[in-house]
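One structure is given below, encoded as structure tokens.
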Amino acid sequence: MKFTVALPDLQKALQKVLPAVPTKSTMAVLEHFLVTLKGSELTFTASDPELSIALTILVAGEVDGALLIPARQFNDLVKELGSAGTVEITADEMTNLVDVRTPTGSYEMKGLSANEYPSIPAFGESTQATIKRDDLARMANKTVFAVSTEEYRPSMTGVFFQFNGGTATAVATDGFRMSRVIVQAGANPFPTNLECIIPARAVELLRKVDTDAVMDVSTTHARFTVGMQTITTRLVDEKYPPYQNVIPADNDKTLIVNQREVLAAIKRVSLFANANTKHVRFSIDERVLSVHSEDEDSGGKGTETIPCEFSHNGFVVGFNYRFLEEAIKNITADDDPDLSVRVTFSTPVRAVLITPASDAESLLMLVMPVKI
Amino acid sequence: MPWSSVIGQQNIAALLQRAIVSNRLPHALLLSGREGVGKSALAVELARATNCEAPHVSDYSIEACNECHSCTQMRSLQHPNLRFVMSLPAGTADAENDMKADLIEDLQQALANKSTNPYHQMRIEGATQIRIGQIRDVKRSLSLSATQRGRRVVVIVEAHEMTSEASNAFLKTLEEPHPNVTIVLTSSRPERLLQTIVSRCQQLACPPIDDDVLVSYLVDKGLCTTTEAQLVTPFADGSVTRARDFLGEDVQGNRSDVVELLRTALRGRDFRADLVDRIRAITDGRNKPRMELMLSLLAVWIRDAKAIAVAGYDAPIQNADQREALTRFATSFGHADVASILADIEKAVGALHRNVTPVLVFLRLMLSIRRSLFHARVKAPTA
């Protein structure tokens, strides 16, 4: 394999695939980039046991081939080469030696045979969905925080993607709170009856996509093609819990409150909450919401009172402030100071729904209250 | 490497192949047998055969092609569908992402050694337990779909080293495995496994390897001459690992040291100072293979003496060249409780593994043997 590549392109490419390289792995091959040259298309692939990222860039290719190059060493070298000029890279598939030449220096690295690298099964019978950039980022951003980290419920360790013709839904829950995002199909409808659970790590990567994405789903993998980059992840091979059943339809008490004000109040009051239980109490009247916390161990307590609109009078409910804060904070990413959130309740022990005041459908957060 | 590379286990290999071909491979297997008989080597062959892209299949056998992409990955044990779980030293992280670089390097080295020598004993220095965090990591990995086509094989090396928490955390996975997953537990001390674990696995006992098979293996590998191999194999207990370990040792010299040690322990009143001196000489340098060899030689000596005591002068014994000395020994101590002495020796081997001070291990053992043997002499019927 032999090619010449511009340093800025190379650096940009490595930065995109590097997140998939494990710092250290018992599978030594994973500490390498798989570098494949076909004509003028050079593809870098990096994998960890869960996902792999591949990126194709255009180079001046001379001899096709494929080899595994030590990822950290190669990346460190490329970083030190500065951001101007080109490098010539020659890899010998017989000896597995990689030779990097710059106008002033030459470096040699020991690679591995490309045959040892994990291969991803072909996406022969996959189903495809095209998702707009903003929609995908929204689906990822608004759900990933609610994913469970507990291993005993593996199905909840990922974000559930559900496509149904006109809409696509992303859901994440850890049993204490849930987040659901619904986006509408664009010019092309989404596939019907397509469901899969994407592990949280892959969803984290989708938060920063910079162009529309094509999602392919096979029985074992999901692949997101974002421009020249592809992110391929294993799926969580479990059945997602029937999340619709926990969304109450009979929450009759509605609270409308300014997002910024309520967040600030929770933040201040939570400083006085018990560090273990993280309890805060909402006492809501028609016009006033009072947020209160108390820590019997340290003897501290705090109360904030903010204006609100509430359909009832004298309702008291307790929350874990961390779950509540994250839910309200994620109602929108825009920094709109006047955004209002709608919080609906039925009884102090039933699920609480939080949505934007203007739109109750596309984004919904559910938080379980706590008994206080 | 073909199935036949796992020597002396043709029956188990044939059984596993039939199970693969007829698509009746159990989801959990417990391969038991002493260290070095090829339990994990069988597990690797199982993974190789079930993942090969173009295997040679007949009615009763399946052999990996050894050429495809999967076989290439298996050769270096870098296949994503094959995973080893083994004991880790105390105080280290459980999940790979959190492990320190030197531990990862040790694990990489263990895998590299295993890939070149299927009988390599995968053990990290100072490792004691398989912890719950490691089992959780396996469960998490199994909850995801397979990286590559084929069957995922998880090998729990020396599964009895799982803590009870780890064992209990594993029960559900063993009972309700994902499709296309086989969990292979290997253990040289299966009696230490929780019954709940054992009952969830199909058990296969790997027998010790015959001495002549072991001799031809050692010679074929170019490790020694036939004469040298014949000298060590009787003491290797049918284990390739032990035979290889003992190759560098002077077996006969060590045996005479052991016999002297036993004689000293059985002397009259003033034996203590001499016994301690002899033990110091044996444990000097803390050469673990040598100390284990010593214990093994001691066990064989005691067993041979019992054999002569029971079956007479012509009994089949391993120390055939020492028949006279053994007969004299059997006359005095032939009625000893051999089972309890052998159990004590086993315990001593375990203590050496756990890094107990060798002098103490040997001293305790020799005093215990002395008590058992003298007790037998007193109780022996006067015929």
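What follows draws every value from the coordinates through simple rules; no lab data is involved. All figures in this text were calculated on a predicted structure; none of them were measured in a lab. Virtual Cβ from ideal backbone geometry, glycine too; neighbours counted across all protein chains shown.
Largest GNM mean-square fluctuation among A:LEU34, A:LEU81, A:LEU18, using chain A with Cα springs under 10 Å: A:LEU81.
Extent along the principal axes, Cα only, for chain B: 69, 44, 36 Å, with the longest axis given first.
For chain B, the mean residue ellipticity at 222 nm estimated from helices alone is -16500 deg cm²/dmol, where every DSSP H run of n ≥ 4 contributes -39500 (n - 2.57) and the total is divided by all residues, rounded to the nearest 500. Comparing A:VAL226, A:VAL100, A:VAL341 in a Gaussian network model of chain A where C-alpha atoms under 10 Å apart are linked, the largest mean-square fluctuation is found at A:VAL100.
For chain A, the relative contact order comes to 12 percent (Cα pairs under 8 Å, sequence separation of at least 6).
Can you tell me the relative contact order of the stretch B:249-379? Whole percent, Cα pairs under 8 Å, sequence separation 6 or more. Once divided by the residue count of the stretch B:249-379, the mean separation gives 27 percent.
By other beta-carbon atoms within 10 Å, ranking B:ARG328, B:ARG189, B:ARG83 with the fewest at the front produces B:ARG328, B:ARG189, B:ARG83. Calculated FRET efficiency, B:THR225 to B:ARG303, Cβ-Cβ distance, R0 = 41 Å: about 0.95 to the nearest 0.05. Residues of the stretch A:316-332 with an amide N closer than 18 Å to a point placed 7 Å from the Cα of A:GLU296 along the Cα-to-Cβ direction: A:318-320.
Computed from the Kirkwood radius of its Cα pairs, the Stokes-Einstein diffusion coefficient for the protein assembly as shown at 10 °C and 1.306 mPa s stands at 52 µm²/s. Would you please classify the overall shape of the stretch B:285-383 from the alpha carbon gyration tensor, given that a ≥ b ≥ c denote the square roots of the eigenvalues, rounded means a/c under 1.5, and beyond that prolate means a/b larger than b/c while oblate covers the rest? Oblate, since a/c reaches 1.5 and b/c is not below a/b. In chain B, the longest principal axis of the Cα atoms and the axis of helix B:101-116 are about 90 degrees apart.
Can you give me the Cα centroid spacing of the stretch A:301-359 and the stretch B:25-61 in angstrom? The two parts, judged by their Cα centres, are 58 Å apart.
In this model, which of A:LYS239/B:LYS114; A:LYS208/A:LYS329; A:LYS2/A:LYS132; A:LYS208/A:LYS278 are farther than 29 Å apart at the alpha-carbon? Flagged as over cut-off: A:LYS239/B:LYS114; A:LYS2/A:LYS132; A:LYS208/A:LYS278. Local charge for B:ALA146 was computed over the other residues whose Cβ lies under 10 Å away, with Lys and Arg +1 and Asp and Glu -1, and equals +3.
Looking at the stretch A:299-372, which GluC sites (Glu not before Pro) are in a loop (DSSP not H, G, I, E or B) and have at most 11 other Cβ atoms within 10 Å? The qualifying sites are A:GLU361. Projecting the Cα positions of A:ILE256, A:GLY166, A:GLN15 onto the charge dipole of chain A (unit charges on Cβ atoms of Lys, Arg, Asp and Glu, taken about the Cα centre) puts A:ILE256 furthest along the positive direction.
Fewest-first ordering of B:ASP257, B:ASP321, A:ASP92 by other beta carbons within 10 Å of each residue's beta carbon gives B:ASP321, A:ASP92, B:ASP257. Only DSSP H runs of four or more residues enter the estimate; each adds -39500 (n - 2.57), and after division by the residues of chain A the mean residue ellipticity at 222 nm equals -4500 deg cm²/dmol. Farthest toward the positive end of the dipole of the stretch B:249-379, out of B:VAL310, B:MET291, B:ILE279, is the Cα of B:ILE279, where the dipole comes from beta carbon charges about the Cα centre. Kirkwood radius, the stretch B:3-207, all distinct C-alpha pairs, inverse of mean reciprocal distance: 17.0 Å.
Note on B:CYS68 and A:ALA122: with the Förster distance fixed at 22 Å, the Cβ-Cβ geometry gives a FRET efficiency of about 0.90. Put in line by how crowded their Cβ is, counting other Cβ atoms within 10 Å and starting with the fewest, B:ARG48, B:ARG136 read B:ARG136, B:ARG48.
Other residues with beta-carbon under 10 Å from the beta-carbon of A:ASN276 carry, at +1 per Lys or Arg and -1 per Asp or Glu, a net charge of -1.
Positive-end ranking of B:SER332, A:VAL98, A:ILE198 along the dipole of the protein assembly as shown, with charges on Cβ about the Cα centre, is headed by B:SER332. Just checking the listed ones, B:ALA325, B:ALA19, B:ALA49: in the Gaussian network model of chain B with Cα springs under 10 Å, the one fluctuating most is B:ALA325.
Each part reduced to its alpha carbon centroid, the stretch B:331-359 and the stretch A:82-98 end up 60 Å apart. Normalised by the number of residues in chain B, the average gap of Cα pairs under 8 Å and 6 or more apart makes the relative contact order 17 percent. Rg over Rh for chain A works out to 1.08, both radii taken from alpha-carbon positions and Rh defined as the Kirkwood radius.
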